[in-house]
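The values are calculated or read from the model by the stated rules, or taken from the named source; none is laboratory data. Just so you know, these numbers come straight off a predicted model, no measurement behind them. Don't worry about glycine lacking a Cβ; one is built from the backbone with ideal geometry, like all the others, and counts go over all protein chains shown. Ligands, DNA and RNA are excluded from the accessible area calculation, which covers all protein heavy atoms including side chains. Shrake-Rupley method; radii C 1.70, N 1.55, O 1.52, S 1.80 Å.
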Amino acid sequence: MFSPRTPAKSKSASLSLPHSRSSLNRSRNVTPRRGLRNQSALASQSFHGPQLIEETPQHRIETVGLPLPVLITEALTSSDRSTTEITACIDPSGWAWLVGGRKLFVWRYKDAGKSRSGGACKELTLPPSDLAHSAERVCLIPSRSEGQPAACVAVSPEGVVRYWPNIAFEASTAEISAELQGEECARVINFQPYGCLLATTTSSLLLLEPVVGQASIQCKALKSSQGIFSGISRRMSSFIFGASVIETNGAPLQAIVAAPEDEYDDDEEGEDRRSFYVLSGNHLNKWQVPTIGTEKLVYQMDAERVFRETLAKDVWQQDSVQLPQLNTWLLDLQLISDGIILLGAGVNSEVDNTLYYAVVYMETKNDAVPTAQDFVKLDHTQKYSEETEDQLLSYRLLLPTPKSNIVFIYSNSSILMLQDKSTLDKMDLRTSGDCLLGAGGADGLAVFFSNTHGIFSVSTPKPDSILDESNNQSISISRAELSTMALHMSRTVDLTESSDSKVVLKNAFIASIGGETEKAQSLVEELYNLSEGPTSSEAHGSKLDSIVAAVSRDLVDDFPNADPRWAESGLQNSSSSTVSVIIVQQLKDKQVAHDLFVTFLKNFGLWNQLGCVSSIHGNIMPTSLLLCENMEKLEAAIGLRELHTEYYKLIDFCITSVIKARQQPLPDTLLPQDLFYQEVSKVSEIMPVLVTREKELLAADQPSHAVVSLILAVDTILEAMLHLALQYRQVNTDKYAEDNRFIPEYIPWSATPDIRETITQQINISLQRGIPEAREIDVQGLIYQKIVGLADILMDGYASQLHSLDSKVETSTESSIHREKLEKEFEKRRHSLIISLLDNKQYDRAASLAEKYEDFEMLMRICDATDNQDRLQRYRIQYADKGFSKFLFNWYMKEGKRSHLLAQPVMQGDELSNFLDADNVKYLSWLHEIRQGNYTAAQRALADLATNERNFLSKKKTLLSLSKLAALASEDTDENLEDNIEVINEELDLVTHQELLPAHTIESVGMDPDNMRVLTPEELIELYVSEKNTDANELDVKKALDLLRYVDRDDDIDFAALKLHIWSRAILMDSWTDDPKDTDSLNSNKDKIFFRTVNLVNIDGDLDLYLPEFSALMASPELAELSKQPHFQYLMQGGYEQIRANLAQAD
């Protein structure tokens, strides 16, 4: 998504800026890190919660909030960007809105807690306008009561104001005109408790005052007060900064920002009022709106002059008055905790066309005119030209919070992150067609909205380890807490009392936590000889792997010794990593301890010595992944515990069943949940029990709402547990990665046969019982979303397992067969899950799974069912390197939709041409080439089809005729084209010869004259001269001789024998018996078919070519009997003499 650039330190002007430690100096891997870099492409994204998109040493990018509603994804994918402008806004309240055309979509991108409005989307209709609407002209007013719908104000460019007091009721609106008198509305911002501020492109200001809860809104223009003392502050400003014309409108608007509501809370006057800032032209204005009284312009200052002077000194070391060609622009304004920050740009065309960007920090005190404090020139320049001026000046400012030390400067294609006024990091959107639609702040984070990636945040990266010595300032737990943890864990058996290797490892770990590095190092050295590493494909690891796995399990199954109930139970051990009696906190303490353990293994050189080990499930896996699995189970246990209160009856029953199934004694002082949450390594045992209990309850007669509630409860619990585990695995892929020589098949604990069967059963229950029982559309949508989440987890397990098999350097026949079997199982389940959504017309949800796991068959069916060509073309681009186009073409052929195949966009012409070159589809290639205007290629394709046509003569004739037409239509002047036309004509002549066969002759060989197969020249010759042609004459014989030119002499055909056969058959067509009454026998030759044929051949001048020698003719096997008759010999010899005489006379 983003292309990171090397950060650099910016220069400071005038004032000395504090430089914080650059992220390049951190002791962490400097290779850019991306989520799931070691995972299959099938598992490259997640449907749940924050998902890491990219992490580098300079920035961290992850998704934010709930999945985008279906209406939003449809608007993003279906809109034609060339005609419809798409813009969006993100509000800190958790609401977001998107504008496309006259449609306004409003939804919550953050979970609304107990409110059911989270994720729901409302579609509203904007006022009519001849100009493009924008999200900046929309203002959402969140409800003061949690969970209640918001109000909304939207203004058209011409100034038509539409107000919805409750967006849940689209029809309830109020509409007025702002009377802009030809000006154009630029922005509308929230300005509670007074309403909304409207600013025009020429900086006119209006206050929109909606009536809460009622479909009523008023509008009034804001004007600077004209009292006798109103100009004092402005005159003071002129005295300090120089005289300037006081203007509040007419100049182009750059920014309008509302000050905090509590700005005047400490003011002694006690007057309720609120201020806002306007950046207009070259000036910065501050306005004040009181609850009682009229608004006033507090001050106006020439901010452009301040920026211009500072930029000139910083870049060119000159005064601005000495640079007449210096052009500067103010671009945006934002508030910081002690003032404001301005973004500007400048170019000195006298020197070069380099455009510089910079920010100015200005301090504000009360209502005094701001003073410049810091100037930071950004290490980011561009080449200026008038043609690209609008694009170059489109950058905007964003601060996550007013107190943030990070400033974001962004355009629609890139994001700059300025940290501590020094370190600059640039991120470019590199996905084709991607752009930023909007931005905002939420929960202290900078949040952006991209049309490809949805809502995501950009922040500084998280430290790799809480014990990273180079990051002690960001350590997540204090040294005091570490000391307490070390004290509790140090109660293990003393090393002098036991030589057990696990005890040695534990004591080394505890010493490292306590800061005793030398002691920890000496203990670790004793463990080095335990590790020889995996030596062969049969190796399961060393003793070190076993003890590391044992210590890891001890940490996650640790007893909470701080809980006095455990002390009385007699089940506690002598060490503990937690000092809490609260179960959730105990689990989190175990996470901290286990994280410390992994850091200890890496810092002391044990991590690289690890190989493989047997897991609790019985399969062999890398030891590092086993440690990751234990952390995943902790995440799952925390997720379950956080839902315990909401679903306590169901969870308590299942936990009790699990404890009973373990046949584990329950002390009087403890509850079943205490034992269950203590043994985290077996947390997955509750999952099949949940589904079993669900089936038992569903078997009883229950009302619909109880059925739906039960199914949603189990869906929520399973998804929460498995998702948190999956999320941890994906985010920490790099942390637990290792380069082993032997990597066994990796089966995540969330993908074991039992868990897979549990997830499958729950999905089936949700589909078969939950959906039919749910009466409301939004409830059905919630169930479908749970189904998608569970299906995602199920298929991610398959993807991880398949990826591990693909990673093997050497594969045996047995492993290949196993992989093939697993892939077929995966494809079968994938098809079953997605088709269930498709059958219920959940196209977008089905598409989300099909896209992630590359089920091209389902993607095609979705596009076909929705007739969405835009989506189809997006898939062609997205999966271009995965062979999607070829699959698409084959799918159309399989489904018999050849018209769809040939209707592909012209831009995909080359791909389709290559596909149609295959023999089984070549008969369509000419249609495609004609559509492409490539008549030469169409002619060749048609000629090839005609040459290969054997079944139907009429079809061959048609193909040849079309081929000739294509050749004539071609603008190609190649000499080969004329040769091709000549070949086509010869083929058409051959077709004509077959069409001229007598009907009775064709029928005599069992063919229909109207539906003949294509005959070879040899077959045609035989039919023309055979006995089956009962009416044969010299014309038929002549045709047979003409057909000799089409006989391929390269084949094993005796050309001379074939020619002799024709003449022999011509002789046998007549009677050669002696007639006693005939006084001139030679005169009868003129009536013989043989000699009449000779005359025809002679007329064409081909007699020397076709007439055989007399001796050869007499030796013909077919004339063996006839050649013995003297009369026949006499006639033939006399006839040949006459032929020679005639030829001599002609010469």
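Take the alpha-carbon centre of region 853-889, take the same for region 145-186, and report the distance between them in whole Å.
If you average the Cα positions of each part, the centres end up 40 Å apart.
Show the residues, 5+ positions off or on another chain, whose built amide H is closer than 5 Å to the amide H of Y264.
Here the answer is none, since no amide H 5 or more places off falls under 5 Å of that of Y264.
Tally up the carbon and sulfur contribution to the accessible surface of region 300-346 as a whole percent, 1.4 Å probe, everything protein left in place.
Carbon-and-sulfur percentage of accessible area, whole number: 38.
Using θ = phi - 60° and the Karplus relation 6.51 cos²θ - 1.76 cosθ + 1.60, list the HN-Hα couplings for region 341-350 in order, rounded to whole Hz, with x at every Gly or Pro.
Per residue, the Karplus-derived 3J(HN,Hα) values read 10, 10, 10, x, 9, x, 9, 10, 5, 6 Hz.
Take the Cβ-Cβ distance between Q148 and S832 as r, set R0 to 30 Å, and report the resulting FRET efficiency rounded to the nearest 0.05.
Efficiency at R0 = 30 Å is approximately 0.15.
Please sort 988-996, 409-417, 773-781 by packing, taking for each peptide the average over its residues of neighbouring beta carbons within 10 angstrom, highest first.
409-417, 988-996, 773-781
Could you work out how far apart the two model spin labels at A1112 and K894 are, taking each label as a point 7 Å from the Cα in the direction of the beta carbon, and quote it in nm?
According to this spin-label approximation, the distance is 5.9 nm.
Pop out the Kirkwood hydrodynamic radius of region 689-833 from its pairwise C-alpha distances, inverse of mean 1/r, in Å to one decimal.
Details: mean 1/r = 0.0592 Å⁻¹.
For region 689-833, inverting the mean 1/r across all distinct Cα pairs yields 16.9 Å.
Can you sort H1000, H283 by 1.4 Å-probe accessible area, starting with the largest?
On the way: H1000 70, H283 30 Å².
So the residues, ranked largest to smallest area, are H1000, H283.
Straight-line reach only, C-alpha to C-alpha below 27 angstrom: list the lysines that K519 could link to, leaving out same-chain residues fewer than 8 apart.
Partners found: K502, K506, K543, K590, K602, K735.
7 Å from Cα along Cα→Cβ at both L1105 and A1141: what's the point-to-point distance in nm?
With each label placed 7 Å out from Cα toward Cβ, I get 2.9 nm.
Using a Förster distance of 56 angstrom, determine the FRET efficiency expected from the C-beta separation of K1124 and Y1046, and round it to 0.05.
0.95
Taking R0 as 30 Å, what's the FRET efficiency between K313 and A368 from their Cβ-Cβ distance, rounded to 0.05?
0.80
So if each residue of separation counts as 0.36 nm, and I subtract the Cα-Cα distance between Q214 and Q192, what length gain in nm does that give?
Contour length minus Cα-Cα distance gives 6.3 nm.
At 0.36 nm per residue, and after removing the present C-alpha to C-alpha distance, how many nm does the segment from S385 to A171 gain when stretched out fully?
Working: separation 214, 0.36 × 214 = 77.04 nm, distance 4.81 nm.
Once the chain is fully extended between S385 and A171, it gains 72.2 nm.
Quick one: which of 316-324, 1020-1028 comes out on top by average Cβ neighbours within 10 Å, and what's the full order, highest first?
My ranking of the peptides, most packed first, is 1020-1028, 316-324.
Can you give me the distance in nm between label points at E986 and D806, each placed 7 Å from the Cα along the Cα-to-Cβ direction?
With each label placed 7 Å out from Cα toward Cβ, I get 5.2 nm.
Arrange the peptides 138-144, 631-637 so that the one whose residues have, on average, the most other Cβ atoms within 10 Å appears first.
631-637, 138-144
Mind checking the per residue accessible area of region 644-701 for me, 1.4 Å probe, whole number of Å²?
Values: 2900 Å² over 58 residues.
On a per-residue basis, region 644-701 sits at 50 Å².
On a C-alpha basis, how far is the centre of region 256-326 from the centre of region 703-771 in Å? Whole number, if you could?
55
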